[in-house]
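The values are calculated or read from the model by the stated rules, or taken from the named source; none is laboratory data. It should be emphasised that the depicted structure is a prediction, and the values quoted were computed from it without experimental measurement. As a convention, Cβ positions derive from the backbone with ideal geometry for all residues, glycine included, and neighbour counts pool all protein chains shown. For the accessible areas, the whole protein counts, side chains as well, though only heavy atoms, and no ligand, DNA or RNA atoms are used. Shrake-Rupley method; radii C 1.70, N 1.55, O 1.52, S 1.80 Å.
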Amino acid sequence: MPNAWIKELLQFFWLGLVAAVIGLLLGEITLVLLIYTLAYLGWYFYNLQRMEIWLQKGKKYAPPQSTGLWGELFNGIYRLQQRSRKRSKRLVKLLSRFRETTGAMPDGIIILQTGGGIEWWNSAAQALLHLQYPQDVGQRMNNLIRHPQFTAYVNGELDTPDVMVPSPKNPQLRLNIRIIPYGKDQELVLLRDVTIMEQSDQMRRDFVANISHELRTPLTVLSGYIENLLELSKDDEQLHRALQNMAQQSHRMRHLTEDLMLLSSLENERSSIKREVINVGQMLASLREEAGIVSGDMKHNLIFKVDENVYLRGDPKELESIFTNLVMNAVNYTPPGGTIWVRWHADAAGAHFEVQDTGVGIAAHHIPRLTERFYRVDVARSRATGGSGLGLAIVKHAMQSNHGQLKIKSETGRGSTFTCDFPPTLVVYKDASKQAGVV
Ligand code: ADP
């Protein structure tokens, strides 16, 4: 182009020179130069008009033929048009492939704009949430799904990467929703229909709950007979020892079925949990006595530091189960003569229950798995202590149900600390003037 531009200037100059010579010969130099300039301007206007007509006709037509700078301009614009046409064709192809792929996906995808409004969705999301175009463009997710769990999830109050809620249009459907941030302040919503998975999970829970319930009566009858026979068999040492063993095992089985039933009830979503204000100090006083009995000859040093002024709003059965499991574990996994601290206090962050021991400790790689059902670090030891392997799973679920969190710190050979943090909203002070933070 710069070449064409210089050529054009030179051409204008040389033709002007020729016109000036002709003007000199004719003795009308000014008139001839004026005519020459007007003719050159006319040529420019003529080419501008051709360009305008060509651009208006559309990109499909070939450019007008011209020489010099104008020819270069027409061809340059034409080349740019061709290139952008190819690029937009490629983009359209890519977009339709993206649409086809996302349309074939069984999971719903929603793209949220920077402000949180819905920008785009695929056909699965449309079917799951009954979205309508264009009414729902710009709509916010909380307006579509008005469920307390979802609101808590969106507000970042849940400690989970996703949330499970019933579909707003069909409560029979269970949706798993996950919001993933991407790009610059944008978010992607993934929706999955997990109704069948939930149903089979529910069946498993019901099966465990039912079988535990069904086993309870025969076990109670057997235990009763064993207790009676134990009394009658005092004279026969061998029989007495066998019956003692049977009593111990039937006690373990009863303990196991009770734990399974408790875990099943904790796993089932209960919308109407009855919360009471619990005198934790009193609960821990009787637990201290029980722990002393279980410790027995092991003679652990039990140190309870309890703020009697701090009460907690919660389910008494669940809280008792949390406290008992953690304290009894400390007794069972701490060698004789060891120390166990039990602390209960509150501050601005909430109420805290802590059990620290100088016991066997747990290797770091076991810690994330401790709250799984039947996960034991040392199976033989756990069986010997009569553990069901369900204790920490119950603690975890009971803590979730009470909106709290369980934290585990441990070092092999040095001991462990289990901390339960309850939110401040559940804390009740016996003496209101002694609230945390109030001096
Ligand atoms: P169990 O009935 O076997 O005690 P839990 O679910 O209560 O089952 O605990 C799981 C495992 O965690 C136990 O088998 C034990 O290995 C380990 N554990 C629990 N509490 C402690 C503790 N205070 N010190 C050391 N290990 C512990």
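The table below lists the values:
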| quantity | calculated |
| --- | --- |
| Near pairs, Cβ below 6 angstrom, 6+ apart or cross-chain, from the range 1-26 (over 20 Å from residue 69 (Cα atoms)) to any residue that is open to solvent by less than 80 Å² (accessible area, probe 1.4 Å) and not hydrophobic (A, V, I, L, M, F, W, C) | 19/36 |
| Residues of the range 329-354 satisfying the condition of being within 11 Å of the ligand (Cβ to nearest atom) and assigned to a strand (DSSP E or B) | 340 |
| Condition broken by residue 115, with the remaining ones in (1) surrounded by fewer than 14 Cβ atoms within 10 Å (Cβ to Cβ); (2) not assigned by TED's automatic domain parsing to the domain that holds residue 185 satisfied | (2) |
| Residue match in the range 310-322 (condition: in a helix (DSSP H, G or I) and in contact with an Asp or Glu (Cβ under 7 Å, 6 or more places away or on another chain)) | yes |
| Qualifying residue in the range 183-200 (condition: farther than 27 Å from residue 373 by Cα and without any contact (Cβ under 8 Å) to a residue 24 or more places away in the chain) | yes |
| Entirely in the range 58-144, the helices (runs of 4 or more DSSP H) that have 1 or more residues that are of a type in the set (Ser, Thr, Tyr) and more than 42 Å from the chain's Cα centre (by Cα) | 68-104 |
| From the options 378, 357, residue that is within 8 Å of the ligand (Cβ to nearest atom), surrounded by fewer than 19 Cβ atoms within 10 Å (Cβ to Cβ) and assigned by TED's automatic domain parsing to the domain that holds residue 309 | 378 |
| Hits in the range 2-36 (condition: outside any helix (DSSP H, G or I) and either outside the structural domain of residue 67 (by TED's automatic domain parsing) or surrounded by 11 or more Cβ atoms within 10 Å (Cβ to Cβ) (or both)) | 28 |
| Candidates 306, 294, 280, 327 - the one that is of a type in the set (Val, Ile, Thr) and closer than 16 Å to residue 402 by Cα | 280 |
| Selection from the range 199-235 of residues that are open to solvent by 40 Å² or more (accessible area, probe 1.4 Å), under 30 Å from residue 163 (Cα atoms) and either in contact with a strand residue (DSSP E or B) (Cβ under 8 Å, 6 or more places away or on another chain) or not charged (D, E, K, R) (or both) | 199, 200, 202, 203, 207, 210, 211 |
| Single residue of 260, 256, 266, 287 found to be in contact with a strand residue (DSSP E or B) (Cβ under 9 Å, 6 or more places away or on another chain) and of a type outside the set (S, T, N, Q) | 287 |
| Residues of the range 393-417 that turn out to be near the ligand (Cβ under 8 Å from one of its atoms) and either open to solvent by 20 Å² or more (accessible area, probe 1.4 Å) or assigned to a loop (DSSP other than H, G, I, E, B) (or both), as a count | 1 |
